[in-house]
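The values are calculated or read from the model by the stated rules, or taken from the named source; none is laboratory data. Values in this document were obtained by computation on a predicted structure and should not be read as measured data. Note that we place each Cβ from the backbone using ideal geometry, even for glycine, and neighbour counts take in every protein chain shown. Accessible surface is based on the protein model in full, side chains and every heavy atom, while ligands, DNA and RNA are left aside. Shrake-Rupley method; radii C 1.70, N 1.55, O 1.52, S 1.80 Å.
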Amino acid sequence: MENFINHHRFMLLCLVLLWMKTFIVSLITFDININQYIEALVFFVNPLFILLIVYSIGLMLKPKLQVLYFLTVSTLLTVVLYSNVVYYREFSDVITLPMLLMGGNMGDLSTSIFALIHWSDFLYFIDIVLISLVLIKKFSWFTVNQTTFGKSKPIFITVMVFFTIAISQVSFLDKSYTFNRNQLIQTLGIYNFYLYDAFVHTQTSTQTVFAEEDDWSSIEKHLETHRVDPNPDMFGAAEDMNVIIVSLESVESFVIEESINGEEITPFINELIEDSFYFENFYYQTGQGKTSDAEFLINTSLYPLGRGAVFLTHAENEWNALPKTLVNHGYTTANFHANDLTFYNRNVMYDSLGYTDTYSFSDYKISMMNSVGWGMKDIDFVEQSMDFIKEIPEPFYGKMLTLTNHFPYHLEEEDQLIEPFDSESNVVNQYFPTVRYTDEAMRILVERLKEDGLYENTVLVMYGDHYGIANSHYEELSTFLGKKIDIFESMKLERVPLLIHIPGMEGERIDSVSGQVDVMPTLLNLLGIPEGDHIMFGNDLFAEDRDDFAVLRNGSVITDDLIYTNDMCFNTATGEQISLDSCEDIQEKGAMELFYSDKIIYGDLFRFLD
């Protein structure tokens with residue numbers, strides 16, 4: 001071993017620097033929950049397995065090629081590490097292989113990406129600078145020598161042992177961990193995670209080919225076990241009415257009925273809640289597809305995929321979707337989004353879901369004056385959309401996607417209706433004025449519906465699509481909330497608003513636990529359309545016997561009694577951490593919900609149904 005070290009000091013320098021950097025960066029970036037010494041040891045050692053394999057390959061090259069190989073490997077893996085750091089700052093997630101399909105959308109994401117890069121990020125590349133300096137100065141102490149298998153058989157045998165250990169980790173993963181990438185990073189390490197992700201990608205890519213009609217039997221048995229009859233008293237309560245669903249970009253529940261400096265953050269929504277059904281414990285269930293995942297949940301009552309976005313990876317599947325069903329019942333179905341229709345493959349996915357009309361970037365009059373951040377300002381978007389909506393044959397189903405309240409929450413001072421918050425985070429500070437602007441757009445939407453004679457015959461649904469403030473800003477957000485945001489409190493921040501306004505019906509606050517997957521069965525019942533053969537993982541939100549239950553895409557589960565997250569169990573009422581065994585049943589139910597939904601998507605199973 002001493003002889004090996006003396007002959008390969010440059011390789012060992014590159015390896016050790018990257019190993020230490022990976023460990024430190026992973027520890028401070030990702031949500032790692034280490035409770036035992038053995039977990040800490042595994043987390044520390046895991047990056048070493050794959051690094052030994054990759055760097056050892058270079059030992060067989062000639063010295064001049066070796067140094068270039070080691071520098072290239074260190075640089076590429078640093079880029080992988082740093083890319084995940086930047087991505088995690090906003091999305092609290094790591095980049096998966098399916099997300100690389102978003103390459104064509106990077107131009108649309110540039111505003112968000114640049115806002116996530118910090119001036120101090122050059123420190124992530126300091127080891128690359130050091131290695132380059134060693135090469136330039138040609139320090140003789142950092143030896144580089146070519147080796148062969150015969151000369152270094154013990155080393156190669158050791159490397160193969162490490163490789164076997166790295167690969168075997170995939171086989172012993174707990175099923176629940178596969179939904180939680182923080183747990184995967186802790187168990188496998190960031191580089192081994194990509195071996196696992198490639199393995200999963202290969203498996204899922206072949207599921208469509210090998211899927212068969214018999215795959216439905218276990219799925220239907222699971223759904224029948226947890227199915228709840230919809231509320232018969234609400235059946236047809238909105239029969240033949242129009243439906244407008246508004247996606248409130250990044251609006252979370254914690255802003256509802258709250259104020260800053262005596263000014264309400266959402267004054268109009270607060271007012272509308274009084275005449276609507278408002279669901280206080282409604283959770284977003286999106287994955288890496290964010291807004292598009294929310295659209296998928298609302299329109300199919302299936303869960304999105306844990307890796308990538310269904311809109312990008314399975315847009316051409318057959319879907320038993322809400323728009324398609326409504327078309328069969330005489331509705332015109334339209335989608336309104338003032339962005340490029342090809343963004344997130346919406347031009348293909350909207351056809352698959354059954355929309356008859358789409359209004360996108362080319363249909364709106366967009367200028368520098370009425371745009372900010374990601375695109376058209378919400379007030380202008382609502383005004384122009386209503387010009388389209390009033391011409392659509394009734395009854396219609398319209399889906400509107402707002403944009404202004406999108407990270408990084410830029411808004412000109414003249415458009416700010418309340419003052420920004422005062423904290424150390426610009427993201428948190430700017431969030432509240434953009435939420436208030438979207439709220440004002442909703443006021444204008446209702447006013448226009450009244451002016452155009454549509455309000456009294458239109459069901460109006462508003463929902464938050466996903467979180468607005470990432471957990472990297474929780475310390476600053478806690479100053480607004482007035483309490484520390486621990487793991488239990490962070491689960492409460494997974495709630496987003498949902499209100500359903502039905503003309504002629506009194507409002508009501510409903511506190512049962514629910515999620516976006518429950519919206520489609522609720523609307524079908526309200527519109528007087530029997531569930532029939534619809535395959536839905538959600539249940540009617542008004543059902544008398546419905547379970548208080550929501551599973552998030554990372555495998556976390558919330559009920560009225562328990563919360564399971566990150567391999568921990570909490571009492572919902574008190575926030576007290578209790579025995580993990582107490583959450584075993586709800587964790588298993590949540591895992592099976594996600595598993596069977598994934599099976600439908602990966603296998604394109606709706607093609608087998610008549």
Subject >> Sorted largest first, extent of segment 283-326 alpha carbons per principal axis (Å) >> reply: 27, 25, 13
**OP:** Could you order Lys450, Lys365, Lys377, Lys390 so the one with the most accessible surface comes first? Probe is 1.4 Å.
**Re:** Lys365, Lys450, Lys390, Lys377
Original post:
Mean separation of Cα pairs under 8 Å and 6+ residues apart, divided by the residue count of segment 492-584: what relative contact order is that in percent?
Top reply: 17
Subject >> Mean separation of Cα contacts under 8 Å, 6 or more apart, over the residue count of segment 552-610: relative contact order % >> reply: 24
**OP:** Hey, can you grab everything whose amide H is under 5 Å from the amide H of Ser301? Only 5+ residues off in sequence or another chain; H modelled, so Pro and N-termini drop out.
**Re:** Met520
**OP:** Keeping all protein chains in place, calculate the accessible area per residue for the chain (probe 1.4 angstrom), answer in Å².
**Re:** 42
**OP:** Counting other Cβ atoms within 10 Å, keep those with at most 16, restrict to DSSP loop, and tell me which chymotrypsin sites (Phe, Trp or Tyr not before Pro) in segment 365-434 are left.
**Re:** none
Subject >> Glu264 accessible area, assembled protein chains, probe 1.4 Å, Å² >> reply: 80
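Top to bottom by accessible area (1.4 Å), largest first, where do Leu341, Leu322 land? Mind showing how you got there, number by number?
Working: Leu341 45, Leu322 0 Å².
The ordering from most to least exposed comes out as Leu341, Leu322.
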Subject >> Filter on Lys62/Lys138; Lys324/Lys390; Lys21/Lys64; Lys324/Lys365; Lys324/Lys492; Lys221/Lys399 - keep pairs with C-alpha separation over 27 Å >> reply: Lys324/Lys365; Lys324/Lys492; Lys221/Lys399
Subject >> Approximate shape of segment 484-534 as ellipsoid semi-axes (Cα gyration tensor, √5λ), whole Å, largest first >> reply: 29, 16, 7
Original post:
If you look at just the Cα atoms of the chain, how large are its Rg and its Dmax in Å?
Top reply: 26.2, 86
Original post:
Going by Cβ distance under 4.7 Å, what cysteines of the chain have no possible disulfide partner?
Top reply: Cys14
Subject >> With 5 Å bins from 0: P(r) over segment 390-492, alpha-carbon pairs, percent >> reply: 2, 10, 18, 18, 16, 12, 10, 7, 5, 2, 0
**OP:** Looking at the chain, send over the antiparallel percent of its DSSP beta bridges, to the nearest 5.
**Re:** 45
**OP:** Taking all protein chains together and a probe of 1.4 Å, list Asp567, Asp545, Asp127 from the most accessible to the least accessible.
**Re:** Asp545, Asp567, Asp127
Original post:
Treating the beta-carbon of each Lys and Arg as +1 and of each Asp and Glu as -1, no other charges, what is the dipole magnitude of the chain about its Cα centre, to the nearest 20 debye?
Top reply: 4720
Original post:
What is the local net charge at Ser301, summed over the other residues whose Cβ is closer than 12 Å to its Cβ (Lys, Arg +1; Asp, Glu -1)?
Top reply: -3
Subject >> Per-residue ³J(HN,Hα) for segment 579-591, Karplus 6.51 cos²θ - 1.76 cosθ + 1.60, θ = phi - 60°, Hz, x for Gly and Pro >> reply: 4, 4, 4, 5, 9, 4, 5, 6, 5, 5, 5, x, 4
**OP:** Determine the calculated [θ] at 222 nm for the chain from helices alone, applying -39500 (n - 2.57) to every DSSP H run no shorter than 4 residues and normalising by the residue count; nearest 500 deg cm²/dmol.
**Re:** -14000 deg cm²/dmol
Subject >> Amide hydrogen neighbours beyond the local backbone of Val243, cut-off 5 Å, H modeled >> reply: Phe396, Tyr397, Gly398, Val459
Subject >> Relative contact order (percent, whole number), the chain, Cα cutoff 8 Å, 6+ residue spacing >> reply: 20
**OP:** Summarise the long-distance tail of P(r) for segment 523-610 by giving the % of C-alpha pairs beyond 18 Å.
**Re:** 56
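Between Ser218 and Glu391, what FRET efficiency comes out of the Förster formula 1/(1 + (r/R0)^6) with R0 = 45 Å and r the beta carbon distance, rounded to 0.05?
Efficiency, from the Cβ-Cβ distance: 0.45.
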Original post:
For the chain, which whole-number percentage of the solvent-accessible area (1.4 Å probe, protein heavy atoms only) is attributable to carbon and sulfur atoms?
Top reply: 55
Original post:
Could you give the semi-axes, largest first, of the ellipsoid that matches segment 321-393, computed as the square roots of 5 times the alpha carbon gyration tensor eigenvalues and rounded to whole Å?
Top reply: 24, 15, 8
Original post:
Around Val496, which amide H atoms from residues at least 5 apart in sequence, or from another chain, sit under 5 Å from its own amide H, with H modelled in the peptide plane?
Top reply: Ser253, Phe282, Tyr283, Tyr284
